[in-house]
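Peer 1: Sharing a structure with you now.
The values are calculated or read from the model by the stated rules, or taken from the named source; none is laboratory data. This is a predicted model, so every value here is computed, not measured. We place every Cβ from the backbone using ideal geometry, glycine too, and count neighbours over all the protein chains shown. All accessible areas refer to the heavy atoms of the entire protein, side chains included, with ligands and DNA or RNA removed. Shrake-Rupley method; radii C 1.70, N 1.55, O 1.52, S 1.80 Å.
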Amino acid sequence: MTSDLPLVIVTRQLPQAIIDKLSAVATLNIWEEDRAIPQDTLLAWVPGCHAIYSLLTDPIDSSVLDAAGANLKVVSQMAVGVDNIDVAACTARGIPVGHTPNALTDTTADLAVALMLAVGRRIAAAAQFVKVGKWDTWRPMELTGKDLYGSTVGIIGFGRIGKAVAQRVRGFDCHILYNHPRSDPDAAQYAAAYVNLDTLLKSSDFISLHTPLTEETRHMIGAEELAMMKSDAIIVNTARGAIVDQAALVKALQEGKIGGAGLDVTDPEPISVDDPLLKLDNVIVVPHIGSASVTTRMRIAHMAADNLIAGLHGERLPNVYNPEVYSD
Ligand code: DGY
């Protein structure tokens, strides 16, 4: 028996509440395996579908859009970043792309500050020290690290998450610098000073990345930029791995040119367990958990479902990445 409901491709198993919400309005084809849907499977599944509920692990490029065909009304991503989606190709076909801004700002900013503290205060190394039985006495200079309080924090990308990081580190009495394509009228409220990138790199004790990944920001932190940083600077990336030239980062860390790194994102993801970054004591890598609180992940999963349902009904998405698809 064929259903009259529209067909939605869901690229990963989602919490039941989201499945329930979507299946009330659509027939779902869900990729149930606990890994990203293979591209050839996605291509085989999309013909005739009306919507795609995507994750950041799914390349939604023109081949997928072409295979989907004229029925496709919306691509809804369960993330704020959409660098895995060819947005221009969606726009050219009049397809709105949904995403989840605002919903994960604070959770991600919390993690950025947690990584600053964790690398600066050597939390992972210290916990390991205890676990392997090395804690035999208290020594004056053992496991000493670097203070966040009172330090200079450089924020690259002063959007929602960058500002939320500024708000947090103000509480640590930090001196805050930021770099962004233009200076921001709100910066005074965070006591943040606009500087050019070179000044930020040379002056900061902690550098936190918050730009989207675009062709302009890909590898914006490379060998030259790392060479400008202080020899004990700590770089934190909760944005996208490819903003940093990872080979250059490994070299800078191995040669002691910078002090450490806290990475929630890598290039590629997942990082290989043999990657030299994982051999370094002054590096903490976590698996893209910036938005990973239960509350926030549920919130963004619902937002993506709401975007998708609006698109299916031909309504404006509550959170659309490419509003230019609408003529009003
Ligand atoms: C995003 O939303 O872009 C994050 O990287 C994952 O939540």
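Peer 1: Run through segment 1-90 and list the trypsin sites (Lys or Arg not before Pro) located in a DSSP loop whose Cβ has at most 15 other Cβ atoms within 10 Å. Show your work: numbers first, answer last.
Peer 2: Details: sites: Arg12, Lys21, Arg35, Lys73; in loops: Arg12, Arg35, Lys73.
Here the trypsin sites (Lys or Arg not before Pro) that fit, given the DSSP loop and packing criteria, are Arg35.
Peer 1: Compute the helix-to-body angle for 294-312: its Cα long axis versus the longest principal axis of the chain, expressed 0 to 90° and rounded to tens.
Peer 2: It is inclined by approximately 30 degrees.
Peer 1: Looking at the chain as a GNM with Cα springs under 10 Å, which of Val74, Val153, Val25 has the largest mean-square fluctuation?
Peer 2: Highest fluctuation among the options: Val25.
Peer 1: Give the peptides 191-203, 272-284 in descending order of average Cβ contacts within 10 Å, highest first.
Peer 2: Ranking, from highest mean packing down: 191-203, 272-284.
Peer 1: Which value, in debye to the nearest 20, gives the size of the charge dipole of the chain about its Cα centre, when Lys and Arg are +1 and Asp and Glu are -1 at the Cβ?
Peer 2: 860
Peer 1: Right, another one. Write down the percent of antiparallel bridges among all DSSP beta bridges whose residues are both part of the chain, to the nearest 5.
Peer 2: That works out to approximately 5 percent antiparallel.
Peer 1: Counting Lys +1, Arg +1, Asp -1, Glu -1, what net charge surrounds Ile18 among other residues with beta carbon under 15 Å of its beta carbon?
Peer 2: For residues surrounding Ile18, the net value is +1.
Peer 1: Can you list residues whose amide H is under 5 Å from Ile155's amide H, if they're 5+ apart or on another chain and H is modeled 1.01 Å from N?
Peer 2: Leu177, Tyr178, Asn179, Ser208
Peer 1: Asp274 versus Leu28, label points 7 Å from Cα toward the beta carbon: distance in nm?
Peer 2: 3.9
Peer 1: Okay, next question. Decide, for segment 6-87, between rounded, prolate and oblate: order the square roots of the alpha carbon gyration tensor eigenvalues as a ≥ b ≥ c, take rounded if a/c falls under 1.5, and otherwise choose prolate if a/b is larger than b/c, else oblate. All intermediate terms of the calculation are to be shown ahead of the outcome.
Peer 2: On the way: a/c = 1.44, a/b = 1.17, b/c = 1.22.
It comes out rounded by the Cα gyration axes.
Peer 1: Then there's this: Across the chain, how many lysine pairs separated by 8 or more positions, or lying on different chains, have Cα atoms within less than 17 Å?
Peer 2: Final tally of qualifying lysine pairs is 8.
Peer 1: Also, I was wondering about something else. Ignoring any ligand, DNA or RNA, what whole percent of the accessible area of the chain comes from carbon and sulfur when the probe is 1.4 angstrom?
Peer 2: Answer for the chain: carbon and sulfur cover 54 percent of the accessible area.
Peer 1: Which is farthest toward the positive dipole end of the chain among Val130, Ser272, Ala112, measuring Cα position about the Cα centre, with Cβ charges +1 (Lys, Arg) and -1 (Asp, Glu)?
Peer 2: Of the candidates, Val130 comes out farthest on the positive side.
Peer 1: Amide H to amide H, which residues 5 or more places from Ala192 or on other chains are under 5 Å from it, using H placed in the peptide plane?
Peer 2: Sorted by chain and number, the residues that satisfy this come to none at all.
Peer 1: Let me ask another. By how many degrees, between 0 and 90 and to the nearest 10, does the Cα long axis of helix 105-120 differ from the longest principal axis of the chain?
Peer 2: Rounded to the nearest ten degrees, it is 30.
Peer 1: In addition: Using the Cβ atoms and a cut-off under 11 Å, what net charge is assigned to the surroundings of Leu65, where Lys and Arg are +1 and Asp and Glu are -1?
Peer 2: Charge balance near Leu65 sits at -2.
Peer 1: Sticking with this structure for a sec: Taking the Cα centre of the chain as the origin and placing charges on Cβ (Lys, Arg +1; Asp, Glu -1), which of Ala188, Thr238, Tyr178 is farthest toward the positive end of the dipole?
Peer 2: Final value for the positive-end residue is Ala188.
Peer 1: Using alpha-carbon pairs under 8 Å, 6+ residues apart, how would you state the relative contact order of the chain in percent? Mind dumping the intermediate values first?
Peer 2: Values: 631 pairs, mean separation 60.1, N = 328.
It comes to 18 percent, rounded to a whole number.
Peer 1: Let me ask something else about it. Sorted by packing (mean other beta-carbon atoms within 10 Å per residue), highest first, where do 95-102, 181-188, 214-221, 58-65 land?
Peer 2: The packing order, highest mean first, is 95-102, 58-65, 214-221, 181-188.
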